[in-house]
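Below is one structure; the comments refer to it alone.
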Amino acid sequence: MTNFIEAVFTNLNTWGLAALTLIIGVFEFSFGLYGKHWNRNEKLLDLACYALPRLVTRPLVAYFGLKFLPIILPDAKDTLDWIPFFWGFVIICIYDDLTQYWYHRLHHEVPWLWRFHRTHHSAPYMGMAMASRQNIIYTIFFSQTYLTTLLVYLGLGYPALFAKGIKSIITKMAHSSIKWDKPLYEKKWLHPLAWVVERTISTPATHHAHHADVTDDGVGYYKGNFGNMFFFWDMLFGTALITRQYPKSYGISHYEGDAWYAQFLWPIFKSKVPGSELAAGGPMVREDVVVRSEVSAEPAEEQIDPAVPVNLRITNG
Amino acid sequence: MEKEAKDRIVRNVLLSIIIYTLPILLMFLYFYITGQKPWIK
């Protein structure tokens, strides 16, 4: 049994996740879950963001782990391999995901960082197509990747295999347009489970709210819900909003389809859309186009979680 | 960046530092309680 689970995670970290992404993506597309938003520009951007970093960042991370670390820390290799699996797993989960929480949150809260993360939010849809959609600079400096590579070098490779695999599944499924968490809110007897799940890991409801094109409307909340694998960072730091509802629309309210290459390679290439945050001389953070978004027609069984006070919300973009 | 947001980041970063140390402290507490010394091979 252990060998089987080990094989599953080994394959997940090599070809498995790509295959899973493709299968779920095809399913989403077949059921029209991208709506009419997936035009040529968006397709090219999603494809470039998925494929090209594999040719750039993966070799870079491999160089960091296999060449750079042995040079600067020659005696440190496998020095922590005595750490039992359970504790190694806990350490990797916390160190990797908390670091990503901060990397992500700072790109929302520090105005000059926002444009490196904007590409991920410009998608007017959710799904596998946009899950990897990031500006190349954001991808290259993914801080938790280097921290986890360091921990693997120090001897935590085996627990990292499982932690990264589980994290990848959770984050992919939180971005999916398949609302797998919906039954948890619809069936009353599942509410206790829903209460635990939505506070522990990222779900479509909480992460879709983060990708809404409006905020503070009672459902959309791009100023919070930063968690990737774990949602309890948001609970702990007061950046959470749980509504058990899904936004009606996604993306950026003032998005006008900046060219895919400008979104992928900004600031090397600039957008030609006047007034865009990615245009030459464009604003660092552009104010929202105020359009009140209606909440989903689907009945909400539970309103905003009173445990998360509104006054804890962040006020800058 | 607003001062309120900046202050909140600083507060949360300090809390995060504690969280980063927590699994290490708990692990050694567990070793202490159970008498294990896995670093001795």
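The values are calculated or read from the model by the stated rules, or taken from the named source; none is laboratory data. Model, not experiment: these values are computed from the prediction. Neighbour counts run over all protein chains shown; Cβ positions are idealised from the backbone, glycine included. Accessible surface is based on the protein model in full, side chains and every heavy atom, while ligands, DNA and RNA are left aside. Shrake-Rupley method; radii C 1.70, N 1.55, O 1.52, S 1.80 Å.
Only residues that are free of Cβ contacts under 8 Å to residues at least 60 places away in the same chain and in a loop (DSSP other than H, G, I, E, B) were counted across segment A:223-255, and they come to 8. Take B:ILE19 and decide whether it is part of a helix (DSSP H, G or I) and at the interface with another protein chain (Cβ under 7 Å from one of its Cβ atoms). Yes. For segment B:31-41, residues that are within 10 Å of chain A (Cβ to nearest Cβ) and open to solvent by 100 Å² or more (accessible area, probe 1.4 Å) total 4. Scanning segment A:57-70 for residues that are open to solvent by 70 Å² or more (accessible area, probe 1.4 Å), hydrophobic (A, V, I, L, M, F, W, C) and either touching a residue at least 24 places away in the same chain (Cβ under 8 Å) or more than 30 Å from B:PHE28 (Cβ to Cβ) (or both) yields A:LEU60, A:LEU66. Answer yes if at least one residue in segment A:80-94 is under 20 Å from A:TYR146 (Cβ atoms), out of contact with any strand residue (DSSP E or B) (no Cβ under 7 Å at 6 or more places or on another chain), away from chain B (no Cβ under 11 Å) and not hydrophobic (A, V, I, L, M, F, W, C), and no otherwise. There is no residue in segment A:80-94 that is under 20 Å from A:TYR146 (Cβ atoms), out of contact with any strand residue (DSSP E or B) (no Cβ under 7 Å at 6 or more places or on another chain), away from chain B (no Cβ under 11 Å) and not hydrophobic (A, V, I, L, M, F, W, C). Going by the conditions given, is A:THR145 of a type in the set (S, T, N, Q), touching a residue at least 12 places away in the same chain (Cβ under 8 Å) and under 20 Å from A:ILE24 (Cα atoms)? Spelling it out, it is not the case that A:THR145 is of a type in the set (S, T, N, Q), touching a residue at least 12 places away in the same chain (Cβ under 8 Å) and under 20 Å from A:ILE24 (Cα atoms). Just one of the listed residues (B:LEU26, B:LEU14) is surrounded by 11 or more Cβ atoms within 10 Å (Cβ to Cβ), without any contact (Cβ under 8 Å) to a residue 40 or more places away in the chain and either more than 7 Å from every other protein chain (Cβ to nearest Cβ) or closer than 30 Å to A:HIS104 by Cα (or both), namely B:LEU26. In segment A:203-222 there is at least one residue matching the filter, namely being open to solvent by less than 30 Å² (accessible area, probe 1.4 Å), part of a loop (DSSP other than H, G, I, E, B) and of a type in the set (A, V, I, L, M, F, W, C).
Do any helices (runs of 4 or more DSSP H) lying entirely in segment A:81-171 carry at least 2 residues that are surrounded by fewer than 21 Cβ atoms within 10 Å (Cβ to Cβ), and which ones are they?
Numbers: elements: A:85-109, A:114-121, A:128-131, A:136-140, A:143-151.
Result: A:85-109, A:114-121, A:136-140, A:143-151.
Here A:VAL295, A:VAL290, A:VAL308, A:VAL285 are screened, and the one residue that is crowded, with 18+ Cβ neighbours inside 10 Å and either among the basic types (Lys, Arg) or at pLDDT below 95 (or both) is A:VAL308.
Would you call A:ASP75 among the acidic types (Asp, Glu) and away from chain B (no Cβ under 14 Å)? Against the criterion (among the acidic types (Asp, Glu) and away from chain B (no Cβ under 14 Å)), A:ASP75 qualifies.
Keeping to segment A:50-80, report how many residues are among the polar types (S, T, N, Q) and assigned to a helix (DSSP H, G or I). Steps first, please.
Start the filter on segment A:50-80 by keeping residues that are among the polar types (S, T, N, Q), which leaves A:57, A:79.
Retained after the next criterion (residues that are assigned to a helix (DSSP H, G or I)): A:57.
Count: 1.
Would you confirm whether or not segment A:197-206 contains a residue that is out of contact with any strand residue (DSSP E or B) (no Cβ under 8 Å at 6 or more places or on another chain) and hydroxyl-bearing (Ser, Thr, Tyr)?
So in segment A:197-206, the residues out of contact with any strand residue (DSSP E or B) (no Cβ under 8 Å at 6 or more places or on another chain) come out as A:197-199, A:203-206.
Then drop every residue that is not hydroxyl-bearing (Ser, Thr, Tyr), which leaves A:203, A:206.
Yes: segment A:197-206 contains one or more residues that are out of contact with any strand residue (DSSP E or B) (no Cβ under 8 Å at 6 or more places or on another chain) and hydroxyl-bearing (Ser, Thr, Tyr).
Any residue that is among the aromatic types (Phe, Trp, Tyr) and either open to solvent by less than 30 Å² (accessible area, probe 1.4 Å) or touching a residue at least 12 places away in the same chain (Cβ under 8 Å) (or both) - is there at least one of those in segment A:182-197? Scanning segment A:182-197, I find at least one residue that is among the aromatic types (Phe, Trp, Tyr) and either open to solvent by less than 30 Å² (accessible area, probe 1.4 Å) or touching a residue at least 12 places away in the same chain (Cβ under 8 Å) (or both), so the answer is yes.
Taking (1) open to solvent by less than 10 Å² (accessible area, probe 1.4 Å); (2) in contact (Cβ under 8 Å) with a residue 60 or more places away in the chain; (3) out of contact with any Pro (no Cβ under 6 Å at 6 or more places or on another chain) in turn, A:LEU73 satisfies each apart from (1).
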